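These notes are about the structure you will find just below.
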Amino acid sequence: MKAMAWIILALFATAAAAEDVLWILPEFPPAFINGPFRAGQGYGDRQLDFLTDRLPQFKHIRVGATGTRLWHEIGRRDGICTLAAARLPDREKIAVFSARSFHGASNQIIVRTDRLSDFQPYLDKSGALDLPLLAAENRLRGAYTETFSYGTVIDAFVRDPGRKTPLQKVQHLRMPLSLLDKGRVDFVFGYYMEMSYYRQLDRLGDNFTALPIIPEMAPLGGHIACSNGPLGREVIAAIDALLASNEAMLAYVEPLRDWYSPADFEAARKAAQSAGN
């Protein structure tokens, strides 16, 4: 962590001399992929390519870091930007956000397709899984990680003291998906796009199904965010002008096609054609 901080400081010192923009990209494949599998082909990587190709008035520098480091630096220095960011109240105190955003996806419950019948008692007519029904029984075992939030509904399920469903805590999403593949747990939580990425990365086969949940969670939008300083505000103003047209927004969300589920991608395209998104 200290080494990463020194790298960011060095890059910032270089950028600051010419009022360049330092893009800090959080460690979250497949939004941003450092490699070795499909390096630079994350949807966030390609969205940033789209932006930087059309904003030649700035010099753009990229560096990867943790989400904690990212928001720490945005709050301390001007000229720090990121993308695919949720617009949350605590972040609005230190950053400025793009007027438009892409339609985000929601975390789901991921199960083995050949075990889907085990979850039938908890599914409604649309195929969504009822979390309160699942929480009332101890027949199935899940796995989760505390390294990030799954959203209010799943987080509440995980922390519910009255939950009967056993859960195994692990350090990273990649680990519970491997446990699911080996049949050591019955379900895990995650995004469809994460399931797709780690399935390909670890060559786990195509034996997974992502189920939406009840109560339904509203997806968070993916904004561009910059430090709330003169340079950061200048970058956001340029991005707002660039993405003002629906045609530009459709091009901006196109990289989601490779990683989103078909339904989530169509929802993102539909939202991109709404001027109020």
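The values are calculated or read from the model by the stated rules, or taken from the named source; none is laboratory data. Just so you know, these numbers come straight off a predicted model, no measurement behind them. Cβ atoms come from the backbone with ideal geometry, glycine included; neighbour counts cover every protein chain shown.
Figures for the structure shown
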quantity	calculated
The stretch 240-254 residues that are closer than 21 Å to G42 by Cα and of a type in the set (S, T, Y), paired with ones that are at pLDDT 95 or above and not in a helix (DSSP H, G or I) (beta carbon under 8 Å, 6 or more apart)	Y252/L243
Per-region count, the stretch 71-107, residues acidic (D, E) and in contact with a strand residue (DSSP E or B) (Cβ under 8 Å, 6 or more places away or on another chain)	2
One residue from S117, S149, S126 being within 30 Å of R87 (Cβ to Cβ), exposed (fewer than 12 other Cβ atoms within 10 Å of the Cβ) and more than 24 Å from the chain's Cα centre (by Cα)	S126
Filtered residues of the stretch 18-52 (kept if over 15 Å from C81 (Cα atoms) and in contact with a Lys or Arg (Cβ under 9 Å, 6 or more places away or on another chain))	A18, P29, P30, G40, Y43
Any hit, the stretch 66-77, residues being under 28 Å from E216 (Cβ atoms) and either assigned by TED's automatic domain parsing to the domain that holds Y198 or hydroxyl-bearing (S, T, Y) (or both)	no
Members of the stretch 61-94 that are more than 15 Å from G232 (Cα to Cα), among the β-branched types (V, I, T) and in contact (Cβ under 8 Å) with a residue 60 or more places away in the chain	T66
Count of residues meeting criterion [within 21 Å of the chain's Cα centre (by Cα), more than 22 Å from P30 (Cα to Cα) and surrounded by 17 or more Cβ atoms within 10 Å (Cβ to Cβ)] in the stretch 156-182	2
Residues of the stretch 183-230 classified as over 19 Å from the mean Cα position of the chain (by Cα) and among the aliphatic types (A, V, I, L, M), total	3
Cβ-Cβ under 8 Å pairs, at least 6 apart or on other chains, the stretch 168-191 side at pLDDT below 85, far side surrounded by fewer than 18 Cβ atoms within 10 Å (Cβ to Cβ) and not in a loop (DSSP other than H, G, I, E, B)	R174/L201; P176/Q168; L177/R199
Enumeration of residues in the stretch 52-70 that are out of contact with any strand residue (DSSP E or B) (no Cβ under 8 Å at 6 or more places or on another chain) and either surrounded by 22 or more Cβ atoms within 10 Å (Cβ to Cβ) or within 18 Å of P230 (Cβ to Cβ) (or both)	L55, Q57
Total residues in the stretch 77-113, condition aliphatic (A, V, I, L, M) and either outside any strand (DSSP E or B) or at positive phi (or both)	6
Pair list, Cβ < 6 Å and 6+ apart or interchain, from the stretch 102-113 residues that are over 12 Å from A85 (Cα atoms) and aromatic (F, W, Y) to residues that are crowded, with 22+ Cβ neighbours inside 10 Å and at pLDDT below 90	none
